1. When N is the residue count of segment 97-201, what does its C-alpha Rg come to as a fraction of 2.2 N^0.38 Å?
2. What aspartates and glutamates sit close enough to Lys31 to cross-link, taking a C-alpha to C-alpha distance under 20 Å and skipping anything fewer than 8 places away on the same chain?
3. Based only on Cα atoms, what mean projected area does the convex hull of segment 148-200 have, in nm²?
4. So what's the back-of-envelope 222 nm ellipticity for the chain, counting only DSSP H runs of four-plus at -39500 (n - 2.57) apiece and dividing by all residues, rounded to 500?
5. Listing Thr141, Thr110 from the residue with the fewest other Cβ atoms within 10 Å to the one with the most, what is the order?
6. Excluding Ser145 itself, calculate the net charge of residues whose Cβ lies under 13 Å from the Cβ of Ser145, where each Lys or Arg counts +1 and each Asp or Glu counts -1.
7. What lysines sit close enough to Lys2 to cross-link, taking a C-alpha to C-alpha distance under 22 Å and skipping anything fewer than 8 places away on the same chain?
8. Per 10 Å bin, what percent of the C-alpha pairs of the chain does each bin hold, from zero upward?
Amino acid sequence: MKVVGGSASVPLAKAIARELSAGYVDVAFEKHPGGFPDGERYIRLLGSVAGDHVVLVQTTHPDPMIVEFLLLADAIRDAGARRITAIVPYFGYGRQDKRFLDGEAISAKTIAKHIAVDCDELLTMAIPADPEILKIFPLPTREVSGMPAIGRYLKSAKVDVLLAPDEGALRLAKEASAVAGVPFDFLVKERIDSYTVKIEP
């Protein structure tokens, strides 16, 4: 097994490689110092992955990281990897899990379709949309939760209550509170526009 990290996730990828006792394959992210003048991404694998099961770790936010992810996955597949497991700590474009108005893209599914071109399975954390969206992704997908670890930390910090920022985060607060052994609640959020929200207890 080998681990490859995108530029936004190198420390996490190296930590995963250590935990798995797997080889870490370095990546060159610039062909020339400073990168391409138009901002396009560049990647080059600096080690062999032929015949290996490769774990590719890369967030898909902001937008350039999506392109970098796709370039990495394609390069890994072209270099002869037998299997690719994608670990996407933050799944960019995961908010739109259904079509609210005619003509809208279901962005979570769109990104997953592109990941599925080269990857065999996907692990992600705390997808912003309803986790049911994962069932329609075109590759086996699991949401991995960090809430038990957060709950253990909060228990050691002796917090009194867990408060979710909105109803959408309630499932996460509930999971962490079960480990922390404290009650939980959530705030009522009304979205005014993309940048303005009104919050009430």
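1. It is 1.29.
2. Candidates past the 8-residue exclusion: Glu40, Glu68, Asp74, Asp78.
3. 3.9
4. About -8500 deg cm²/dmol.
5. Thr110, Thr141
6. With Lys, Arg at +1 and Asp, Glu at -1, the neighbours total +2.
7. Lys14
8. The distribution over the chain is 8, 29, 31, 22, 10, 1, given as percents.
Every number here is computed from the coordinates shown, using simple stated rules; none is lab data. These figures come from a predicted structure and were not determined experimentally. Ideal geometry is used to build each Cβ from the backbone, glycine not excepted, and the neighbour counts take in all protein chains shown.
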